[in-house]
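Presented below is the structure to which this report refers.
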Amino acid sequence: MNNNTNIKNSFFIITIFVLAGFLISGEFGIFDKLKTQIFNPNSQTKEYNWYFNPRNDGKQPTPIKEASFFNKYGAYYVGDPKEKVIYLTFDAGYESGNTEKLLDTLKKHKVPAAFFVVDHYLKTNPDMVKRMVDEGHLVCNHSKRHPSMASITDFEKFKEEINSVEESYKEITGKDMPKFFRPPMGKFSELSLKYTQDLGYNTIFWSFAYVDWYEDKQPSHEEAKEKIFSRTHPGAIVLLHPNSTTNTEILDEVITHWKKEGYTLKSLAYLTNKKTSDKSKTQILDNK
């Protein structure tokens, strides 16, 4: 009995020394990984700002290296590089009086868009939201208060930012909100992407945007069109702001130009469903 006990004790001591040697030497990758997890507990909560290097040659932009883990959490910033498809999106924090004209233009061209809205927008513009939905557009989640979602590490508080918008949407439309989320200000962490996925959402970033949101410093029509046209690329997720009078006034011409260049505008539902079925035809409005 004593011999067995001594053998067990000796084996335990030897095991401890072997493990200690592995950790100190860093010779085995698995222990390096363990050390990283142990000594860098905040690695998943590090905040990043979404950014990419735009191109003017008709090709997709080069993203930051953190985009390498987007697929893991159902996040998108661009579509298929082989398809001349554009996904038109708007971020709306408040109503500036332009949305009705934007909707008129979208209706004229029979193309879909996605409007990412905060809770305040839903509660103060229920009729506009109903029109968006009735005309086949996606009204999507942009959070309750527009915070950096990376700064919210408590899951229940994170969920409250999302669920509040869902509840307001359902009160207005009687429907469940489409499961697309855009992080306010493009701020994210690996943990925030995971939380978003855990709540059943795809995170939607963008591959085109420009400085269009300052109402008192609007770009000229020519400046705006030059940026949009030169940076258009297959699979583009275009981010515009509806408070921009320039965007409102040039949208008709922009869509006409895209169509002449052979592009089709489709719903985000097509983007996410295409991953599982290339035969998926889920765009909300048929652009022919």
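Among the residues of the range 101-142, what is the count of those that are under 24 Å from D252 (Cα atoms), in contact (Cβ under 8 Å) with a residue 12 or more places away in the chain and outside any loop (DSSP other than H, G, I, E, B)? Explain how you work it out, then say what you get.
Step one: list which residues in the range 101-142 are under 24 Å from D252 (Cα atoms), which gives 101-117, 125, 127-140.
Now drop any that are not in contact (Cβ under 8 Å) with a residue 12 or more places away in the chain, which leaves 101-103, 105-117, 125, 128-133, 135-140.
From the residues that got through so far, the ones that are outside any loop (DSSP other than H, G, I, E, B) too are 101-103, 105-109, 114-117, 128-133, 138-140.
Going through the range 101-142 one residue at a time, the tally reaches 21.
When you look at K59, is it among the basic types (K, R), surrounded by 12 or more Cβ atoms within 10 Å (Cβ to Cβ) and at pLDDT 95 or above, yes or no?
Judged against the criteria, K59 is not a match.
Restricting to the range 197-232, name every residue that is within 28 Å of S148 (Cβ to Cβ) and in contact (Cβ under 8 Å) with a residue 60 or more places away in the chain.
Result: Q197, Y201, N202, T203, I204, F205, W206, S207, F208, E215, R231.
Would you say E171 is acidic (D, E) and touching a residue at least 24 places away in the same chain (Cβ under 8 Å)? Step through it out loud before you land on a result.
Numbers: acidic (D, E): yes; touching a residue at least 24 places away in the same chain (Cβ under 8 Å): no.
So E171 fails the test.
Any chance you could count how many residues in the range 205-251 are under 15 Å from A114 (Cβ atoms) and among the hydroxyl-bearing types (S, T, Y)?
1
Which numbered condition trips up G79, out of (1) over 16 Å from the mean Cα position of the chain (by Cα); (2) more than 28 Å from Y214 (Cβ to Cβ); (3) modelled with pLDDT of 95 or more; (4) not charged (D, E, K, R)?
It fails just one condition, (1).
Just checking, does the range 25-45 include any residue being touching a helix residue (DSSP H, G or I) at 6+ places or on another chain (Cβ under 8 Å) and at pLDDT 90 or above?
Within the range 25-45 (the criterion being touching a helix residue (DSSP H, G or I) at 6+ places or on another chain (Cβ under 8 Å) and at pLDDT 90 or above), the answer is yes, since at least one residue qualifies.
Tell me, which residue of the range 214-232 that is part of a helix (DSSP H, G or I), closer than 18 Å to T256 by Cβ and not hydroxyl-bearing (S, T, Y) is nearest to the chain's Cα centre (by Cα)? So that I can check it myself, show each step before the final result.
Going residue by residue through the range 214-232, those that are part of a helix (DSSP H, G or I) are 221-230.
Narrowing further to those that are closer than 18 Å to T256 by Cβ: 221-222, 224-230.
From what is left, the residues that are not hydroxyl-bearing (S, T, Y) are 221-222, 224-229.
Numbers: H221: 27, E222: 28, A224: 23, K225: 24, E226: 25, K227: 22, I228: 20, F229: 22 Å.
Step by step, filter the range 214-232, then rank; the result is I228.
Those residues that are under 18 Å from L239 (Cα atoms) and not in a loop (DSSP other than H, G, I, E, B), I need them from the range 143-154; list them, please.
The answer is none; no residue qualifies.
So A236 ticks every box in (1) hydrophobic (A, V, I, L, M, F, W, C); (2) surrounded by fewer than 21 Cβ atoms within 10 Å (Cβ to Cβ); (3) touching a strand residue (DSSP E or B) at 6+ places or on another chain (Cβ under 8 Å) but one. Which box is left unticked?
Of everything listed in (1) hydrophobic (A, V, I, L, M, F, W, C); (2) surrounded by fewer than 21 Cβ atoms within 10 Å (Cβ to Cβ); (3) touching a strand residue (DSSP E or B) at 6+ places or on another chain (Cβ under 8 Å), A236 misses just condition (2).
Would it be correct to say that S164 is surrounded by fewer than 21 Cβ atoms within 10 Å (Cβ to Cβ) and either farther than 23 Å from K266 by Cα or at pLDDT 95 or above (or both)?
yes
Can you work out which of the residues in the range 167-204 that are aliphatic (A, V, I, L, M) and outside any helix (DSSP H, G or I) is surrounded by the fewest Cβ atoms within 10 Å (Cβ to Cβ)?
Selected residue: L199.
The rows are residues; the columns are (1) surrounded by 19 or more Cβ atoms within 10 Å (Cβ to Cβ); (2) under 14 Å from the mean Cα position of the chain (by Cα); (3) not assigned by TED's automatic domain parsing to the domain that holds I204.
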| position | (1), (2), (3) |
| --- | --- |
| A67 | no, yes, no |
| K84 | no, no, no |
| Y94 | no, no, no |
| D104 | no, no, no |
| K108 | no, no, no |
| V111 | yes, no, no |
| D119 | yes, no, no |
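The values are calculated or read from the model by the stated rules, or taken from the named source; none is laboratory data. On a predicted model such as this, the values are computed, not experimentally measured, just so you know. Ideal geometry is used to build each Cβ from the backbone, glycine not excepted, and the neighbour counts take in all protein chains shown.
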